[in-house]
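Q: Pasting in a structure now, in structure tokens, and then I'll have a few things to ask.
Throughout, read-outs are computed from the coordinates displayed, never taken from laboratory work. These figures come from a predicted structure and were not determined experimentally. Positions of Cβ are backbone-derived with ideal geometry, glycine not excepted, and every protein chain shown enters the neighbour counts.
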Amino acid sequence: MDFITQNRTLRSGLKLLLALCAMSLLGCSQSDEAGQCMAAVQVPGRQAVIIGIDGLRTDAVNPSLTPFLFQLAASQGLAWGRVDVSNGRTQQTYSAPGWVSVLTASWASKHGIVDNSSAGPIKTQTVFERLQSSKPDSHSFFVTSWRPLYDLVQGRLGDLPKTGHAAFFRRDDAAVEQEVLTSWRACQPDLAFIHLDAVDQAGHHGSFDPSDPGYAAAVQETDSRIRRLWEKAFALPSAQGAMPQRLIIFASDHGGIGNTHGRYSETERWAPFLAISPTGYPPAQIKDLVDIGQAALNFVQ
Ligand SMILES: [Zn+2]
């Protein structure tokens with residue numbers, strides 16, 4: 001392509017993008033939020049945090065790719081487990097049904113989000129709504145860089161008090177990390193879901209395979225990101241000097257094969273998880289994907 005043609009193509013491309021933005025202002029925004037992460041008057045005694053690592057395969061959790069997460073389990077005398085996100089090959093291994101299963105503690109046959117094109121609304125209550133019903137002064141925190149998940153969850157959270165339940169859509173995982181580091185010490189929610197998407201993106205770009213350099217790099221970067229969240233947010237006391245008893249659950253929503261996922265192969269349908277209960281508490285009861293949100297809710301209710 002010569003320079004003039006290239007320039008013209010670039011200009012028309014830019015115009016098209018601007019036109020599309022004008023048609024859909026929201027669709028072009030790279031950050032969005034609802035509710036506020038208000039400083040908690042009283043830091044909750046118990047706190048549950050779910051960290052979702054999109055597209056992490058079970059065999060990607062190992063000492064070389066995830067040194068922090070691997071060590072974290074070992075230091076607690078725990079081993080990473082795995083869950084069948086396809087519910088016995090009945091639920092497609094896509095992110096929207098998977099994460100909505102985590103956040104509603106129900107399978108797609110109940111919540112209605114069967115694939116990434118399902119428009120919603122989600123048919124079952126989210127753990128955020130159930131927490132609000134049982135603890136009216138509770139706070140929650142939800143952050144993602146994946147617009148479909150933000151929109152689906154927001155579709156359910158519209159009626160919750162804006163001062164207690166904050167939802168953030170951010171540009172990418174770096175911006176998600178920044179939001180957590182900025183908000184955490186003051187906000188100290190009862191219940192949080194932090195979604196990290198870079199591993200899934202790398203899988204689609206290259207291959208969902210720990211031997212794929214791009215996928216491996218994204219897994220390592222995500223492990224480092226979680227280390228920073230741990231050290232700079234979770235391990236520090238609140239602004240008031242309090243330290244909640246914390247259940248923290250790391251989970252994925254599907255694996256992958258080649259550069260895709262959605263079906264029922266072994267590498268797609270199994271996803272790793274790790275639940276760390278505070279000292280003196282019984283281990284969280286997690287056998288299935290839908291137990292994750294329920295365990296988090298049980299801990300804080
Ligand atoms: Zn994906």
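Q: On a full-extension model of 0.36 nm per residue, what is the gain between Ala74 and Asn259, subtracting their alpha-carbon distance, rounded to one decimal in nm?
A: My answer for the length gained is 63.5 nm.
Q: Please identify every one of the trypsin sites (Lys or Arg not before Pro) in the range 207-299 that sits in a loop by DSSP and has no more than 13 other beta carbons within 10 Å of its own beta carbon. Mind showing how you got there, number by number?
A: Working: sites: Arg225, Arg227, Arg228, Lys232, Arg246, Arg263, Arg269, Lys287; in loops: Arg263, Lys287.
When the trypsin sites (Lys or Arg not before Pro) of the range 207-299 are filtered for loop state and at most 13 Cβ neighbours within 10 Å, Lys287 remain.
Q: Would you order His111, His139 from fewest to most other beta-carbon atoms within 10 Å of each residue's own beta-carbon?
A: Working: His111 26, His139 29.
Exposure proxy ranking, most exposed first: His111, His139.
Q: Let me ask another. On a full-extension model of 0.36 nm per residue, what is the gain between Gln42 and Met243, subtracting their alpha-carbon distance, rounded to one decimal in nm? Please report the intermediate quantities before stating the final value.
A: Numbers: separation 201, 0.36 × 201 = 72.36 nm, distance 1.12 nm.
Here the segment from Gln42 to Met243 would lengthen by 71.2 nm.
Q: Now for a different question. Put a dot 7 Å past each Cα toward the Cβ at Thr182 and Leu236; how far apart are the dots in nm?
A: So the two model labels end up 1.5 nm from each other.
Q: Let me ask something else about it. Within the chain, which DSSP H helices have Cα atoms that stretch 27 Å or more along the helix axis and a mean Kyte-Doolittle hydropathy of at least 0.0?
A: Result, helices passing both filters: 3-23.
Q: For His261, His205, what ranking results if the residue with the fewest other Cβ atoms within 10 Å of its Cβ goes first? Display every interim value, and only then the final one.
A: Numbers: His261 26, His205 12.
Least crowded to most crowded, the residues run His205, His261.
Q: Let me ask you something else. From the Cα gyration tensor of the range 202-301, with a ≥ b ≥ c the square roots of its eigenvalues, which class applies: rounded if a/c is under 1.5, or else prolate if a/b is larger than b/c, or else oblate? Can you show the working numbers first?
A: On the way: a/c = 3.43, a/b = 1.56, b/c = 2.20.
The shape class here is oblate.
Q: Excluding Ser277 itself, calculate the net charge of residues whose Cβ lies under 15 Å from the Cβ of Ser277, where each Lys or Arg counts +1 and each Asp or Glu counts -1.
A: Taking every Cβ under 15 Å from that of Ser277, the sum is +1.
Q: A further question on this structure: Take every DSSP beta bridge with both residues inside the chain and express the antiparallel ones as a percent of the total, to the nearest 5. Before the final figure, lay out the partial values.
A: Values: 12 of 34 bridges.
So the antiparallel bridges amount to about 35 percent of the total.
Q: Taking only DSSP H segments of four or more residues, each worth -39500 (n - 2.57), what value at 222 nm results for the chain once the sum is divided by all its residues, to the nearest 500 deg cm²/dmol?
A: Working: 12 runs with 122 residues, N = 301.
Mean residue ellipticity at 222 nm (helix-derived): -12000 deg cm²/dmol.
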